[in-house]
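Peer 1: Have a look at this one.
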Amino acid sequence: MSKKQRLLDCPVIAAVKDEAGLSGALSSECEVVFLLFGTVLNVPDLVDRVHAAGKLAIVHIDLVDGLSQREVAVDGLARICAPDGIISTKPTLVRRARHLGLLTVQRAFILDSMALSNLATQLSVGKPDFIEILPGIMPRVITEITQATSTPLIAGGLIKYKEEVMAAMRAGAAAVSSTCPAVWAM
C-alpha cells in the first residue's frame, strides 16, 4: 500500500508538539504522526521512534529548529532522517519534497477570503499530495475547497470534539489532524 493510501485509510492523525505528545501518539491507534517540533539534532531520533512504532512520520519542516526555509533543507532532512513526508507552508519546499519522492502536505492558514483565494496558487506551485487547512473547524470552507480541487484535504487546528471531527469529514475532509489525545482515540 502506498504511503498516500495509508494516510487516506487513517482518518485521524496524531499531531505532536512535544515529547509527551509523541509518547501518547506512539501508544495510540493512529497510524500517522505529524511531528510539529524538533531540532536538526533530534529529529532523526524522533522519526526513528515513529517508524519503530510502525507509523508514518510526517515532519513539519518549517518547525524544525536549525533548518533554513530553502529547498536544500528538504534534501538535508531527507538525508538525515528519512521521514515518510513533510508538511510546509512553503510551496517551493513542498515541490522539492515531491521531487524527492516524499509524501507532501501543503499547510495553509485560512484566515480570510484572500488566504482562501491564494490557496489555488500555492497548490499549483507545490502540487502536494494533501492540503492541510487550519483551523479545521470550518465545514463550509472545507466543502468549498474540496469542491474546487481534487487534492485530498486534512482539517487541522482547534479540533477537539467528536462533533468537530464528524463535521469536517461530512464537509469533505479526507482526514483530521489534532494534538488532542481524545481525538486520537476516536
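The values are calculated or read from the model by the stated rules, or taken from the named source; none is laboratory data. All values reported here derive from a predicted model rather than from experimental measurement. Neighbour counts are summed over all protein chains in view; Cβ atoms, including those assigned to glycine, are modelled from backbone coordinates with ideal geometry.
Peer 1: Would it be correct to say that Ile58 is in a strand (DSSP E or B), modelled with pLDDT of 95 or more, of a type outside the set (Ser, Thr, Tyr) and in contact with a Gly (Cβ under 7 Å, 6 or more places away or on another chain)?
Peer 2: yes
Peer 1: Let me ask another. When segment 150-160 is examined, which residues are found to be in contact (Cβ under 8 Å) with a residue 12 or more places away in the chain and part of a loop (DSSP other than H, G, I, E, B)? First the steps, then the outcome.
Peer 2: We begin by selecting, within segment 150-160, every residue in contact (Cβ under 8 Å) with a residue 12 or more places away in the chain; these are 151-160.
Hits for segment 150-160 are Thr151, Pro152, Gly157, Leu158, Ile159, Lys160.
Peer 1: Would you check if there is a residue in segment 12-32 being modelled with pLDDT of 95 or more and on the phi > 0 side of the Ramachandran plot?
Peer 2: no
Peer 1: On to the next question. Pick from Ala97, Ala78: which is crowded, with 21+ Cβ neighbours inside 10 Å and not aromatic (Phe, Trp, Tyr)?
Peer 2: Numbers: Ala78 fails: crowded, with 21+ Cβ neighbours inside 10 Å.
Going through Ala97, Ala78 in turn, just one is crowded, with 21+ Cβ neighbours inside 10 Å and not aromatic (Phe, Trp, Tyr): Ala97.
Peer 1: When you check Asp45 against the structure, is it under 15 Å from the mean Cα position of the chain (by Cα), surrounded by fewer than 17 Cβ atoms within 10 Å (Cβ to Cβ) and part of a helix (DSSP H, G or I), yes or no?
Peer 2: Considered against the rule, which asks whether it is under 15 Å from the mean Cα position of the chain (by Cα), surrounded by fewer than 17 Cβ atoms within 10 Å (Cβ to Cβ) and part of a helix (DSSP H, G or I), Asp45 comes out as no.
Peer 1: Any residue in segment 70-84 that is under 17 Å from Cys10 (Cα atoms), in contact with a Leu (Cβ under 7 Å, 6 or more places away or on another chain) and of a type in the set (A, V, I, L, M, F, W, C)? Spell out the reasoning first.
Peer 2: Here is the first cut: in segment 70-84, the ones under 17 Å from Cys10 (Cα atoms) are 84.
Filter once more, keeping what is in contact with a Leu (Cβ under 7 Å, 6 or more places away or on another chain): 84.
Next, from what is left, pick out any that are of a type in the set (A, V, I, L, M, F, W, C): none.
Checked segment 70-84: no residue is under 17 Å from Cys10 (Cα atoms), in contact with a Leu (Cβ under 7 Å, 6 or more places away or on another chain) and of a type in the set (A, V, I, L, M, F, W, C).
Peer 1: Between a first residue in segment 171-186 that is under 20 Å from Ile87 (Cα atoms) and a second residue that is assigned to a loop (DSSP other than H, G, I, E, B) and among the basic types (Lys, Arg), which pairs have beta carbons less than 6 Å apart while being 6 or more apart in sequence or on different chains?
Peer 2: Filtered contacts from segment 171-186: Thr179/Lys17; Cys180/Lys160.
Peer 1: Can you say whether Met186 is in a helix (DSSP H, G or I) and either out of contact with any Phe, Trp or Tyr (no Cβ under 7 Å at 6 or more places or on another chain) or within 20 Å of Leu111 (Cβ to Cβ) (or both), as far as the supplied structure shows? It would help to see each step written out before you state the result.
Peer 2: Numbers: in a helix (DSSP H, G or I): no; either out of contact with any Phe, Trp or Tyr (no Cβ under 7 Å at 6 or more places or on another chain) or within 20 Å of Leu111 (Cβ to Cβ) (or both): yes.
So Met186 fails the test.
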